[in-house]
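Here the structure is laid out as structure tokens; the discussion comes afterwards.
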Amino acid sequence: MIIVEGEICVSSQVVLEVGQWQGSGAVTAGRLRSGAAWLAELVPHGQRYTVALDSGVGNSRGGVRNAEVLERHLQAVREALAEIPPDDLTVTIGGDCGVDLAPVEAALSAFGDRLALVWFDAHADLNSAESSPSGAFHGMVLRALVGDGPEGLRPVRSLSADRVVLAGARSLDPAEQDLVHGRGIRHLSVEQLTGPGPLLAAVRATGAEAVYVHIDLDVLDPQVFPAVGTPEPGGLGVEDLIGAVRALTEEFTLAGIALTEYERTEDTGQEEAVLRRLVDGLFGSEQR
């Protein structure tokens, strides 16, 4: 992988489309399927994999809605990742945030303690099955990644919490706030992301050499991008998000990146314009 003027530029970039919606708690979650398909086509790629998923819901277990379906999906994503050459950059397109469990797991396997995870999201996704108000796994996936996941939805290897940077989260449940403070998770506000300094300092403080970037599109302000299931006011602008990711890729090896939670609507004008700007800003404006 090389970086050209801050853009992610790879000779072999793989797009992994995972249109999972069963991990979302939004009533409009079904829109995630078409959102994933459209966005996966937009991102430049050498190869594109579409993970075959269940179309319906499944049994809940242990406080997690659709747990059985989500477990099957997790295994399917792991199998798809096993087919991707290790030197290729994987761009994961969701679907709900739960699709990123296996890609982060794979990055951790490759980079070990040299990896930091930057989680751009309006929410912390740090609930447990017991603390979750909804039972939706997309609000538990980061908790699972740091070692406290529900049975069947845990990574093979967990990430140390002090290697996580929570970026732009502005809606945290009480149990999530306790975990952030108790486990030493670095948390940057939206205001701290308007320039690269605090974010780069936070990642440097982890001691990492590589970074995995997770982007839930609800990190953007809903006045800019409303096509998400759980919008929260006071979010990032598009240029701030692009600038933050570019700054990371200029200093750290990019271990993977995910774009999630796009709920495609019938009124696509504004959302398509924002996503085209975001994709061009991150990956360049080559013909697709």
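The values are calculated or read from the model by the stated rules, or taken from the named source; none is laboratory data. Computed from a prediction, not measured in an experiment: that's the story for all the values here. When we count neighbours, we look across all protein chains shown, and the Cβ atoms used for this are built from the backbone with ideal geometry, even at glycine.
Values for this structure:
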quantity: Condition check for residue 100: out of contact with any Pro (no Cβ under 7 Å at 6 or more places or on another chain) and modelled with pLDDT under 95; calculated: no
quantity: Unique match (being closer than 23 Å to residue 63 by Cα and touching a strand residue (DSSP E or B) at 6+ places or on another chain (Cβ under 6 Å)) among 158, 171; calculated: 171
quantity: Filtered residue count, region 203-225, keeping only those that are under 15 Å from residue 121 (Cβ atoms) and in contact (Cβ under 8 Å) with a residue 24 or more places away in the chain; calculated: 10
quantity: Residue 139 vs. criteria modelled with pLDDT of 95 or more, more than 17 Å from the chain's Cα centre (by Cα) and either surrounded by 23 or more Cβ atoms within 10 Å (Cβ to Cβ) or not aliphatic (A, V, I, L, M) (or both); calculated: no
quantity: Residue that is out of contact with any strand residue (DSSP E or B) (no Cβ under 6 Å at 6 or more places or on another chain) and either surrounded by 15 or more Cβ atoms within 10 Å (Cβ to Cβ) or among the charged types (D, E, K, R) (or both), where the choices are 91, 64; calculated: 64
quantity: Subset of region 67-88 (residues that are of a type in the set (A, V, I, L, M) and surrounded by 12 or more Cβ atoms within 10 Å (Cβ to Cβ)); calculated: 67, 69, 70, 74, 76, 77, 80, 81, 84
quantity: Residues of region 49-71 that turn out to be basic (Lys, Arg) and either modelled with pLDDT of 95 or more or in contact with a Pro (Cβ under 7 Å, 6 or more places away or on another chain) (or both), as a count; calculated: 1
quantity: Residue identified as under 18 Å from the mean Cα position of the chain (by Cα) and either basic (Lys, Arg) or not in a loop (DSSP other than H, G, I, E, B) (or both) among 35, 25; calculated: 35
quantity: Number of the exception - residue 228 against (1) without any contact (Cβ under 8 Å) to a residue 12 or more places away in the chain; (2) within 17 Å of residue 30 (Cα to Cα); calculated: (1)
quantity: Filter pass, residue 208 being touching a helix residue (DSSP H, G or I) at 6+ places or on another chain (Cβ under 9 Å), buried (at least 19 other Cβ atoms within 10 Å of the Cβ) and in a helix (DSSP H, G or I); calculated: no
quantity: Selection status of residue 282, in a helix (DSSP H, G or I), touching a residue at least 40 places away in the same chain (Cβ under 8 Å) and in contact with a strand residue (DSSP E or B) (Cβ under 6 Å, 6 or more places away or on another chain); calculated: yes
quantity: Where a residue in region 21-39 is surrounded by fewer than 24 Cβ atoms within 10 Å (Cβ to Cβ) and its partner, wherever it lies, is among the aromatic types (Phe, Trp, Tyr) and part of a helix (DSSP H, G or I), with Cβ under 9 Å and at least six apart; calculated: 25/137
quantity: Residue match in region 267-275 (condition: farther than 26 Å from residue 98 by Cβ, part of a loop (DSSP other than H, G, I, E, B) and of a type outside the set (Gly, Ala, Ser)); calculated: yes
quantity: Matching residues, region 231-273, being surrounded by fewer than 22 Cβ atoms within 10 Å (Cβ to Cβ), under 27 Å from residue 134 (Cβ atoms) and within 16 Å of the chain's Cα centre (by Cα); calculated: 231
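Here's the yes/no breakdown for (1) among the hydrophobic types (A, V, I, L, M, F, W, C); (2) in contact with a His (Cβ under 8 Å, 6 or more places away or on another chain); (3) at pLDDT 95 or above; (4) assigned to a helix (DSSP H, G or I):
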{"site": "215", "(1), (2), (3), (4)": "yes, no, yes, no"}
{"site": "222", "(1), (2), (3), (4)": "no, no, yes, no"}
{"site": "228", "(1), (2), (3), (4)": "yes, no, yes, no"}
{"site": "240", "(1), (2), (3), (4)": "no, no, yes, yes"}
{"site": "250", "(1), (2), (3), (4)": "no, no, yes, yes"}
{"site": "256", "(1), (2), (3), (4)": "no, no, yes, no"}
{"site": "264", "(1), (2), (3), (4)": "no, no, yes, no"}
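Yes or no, residue by residue, for (1) closer than 30 Å to residue 201 by Cα; (2) in a strand (DSSP E or B); (3) touching a Lys or Arg at 6+ places or on another chain (Cβ under 8 Å):
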position: 75; (1), (2), (3): no, no, no
position: 80; (1), (2), (3): no, no, no
position: 86; (1), (2), (3): yes, no, no
position: 93; (1), (2), (3): yes, yes, no
position: 116; (1), (2), (3): yes, yes, yes
position: 127; (1), (2), (3): yes, no, yes
position: 135; (1), (2), (3): no, no, yes
position: 144; (1), (2), (3): yes, no, yes
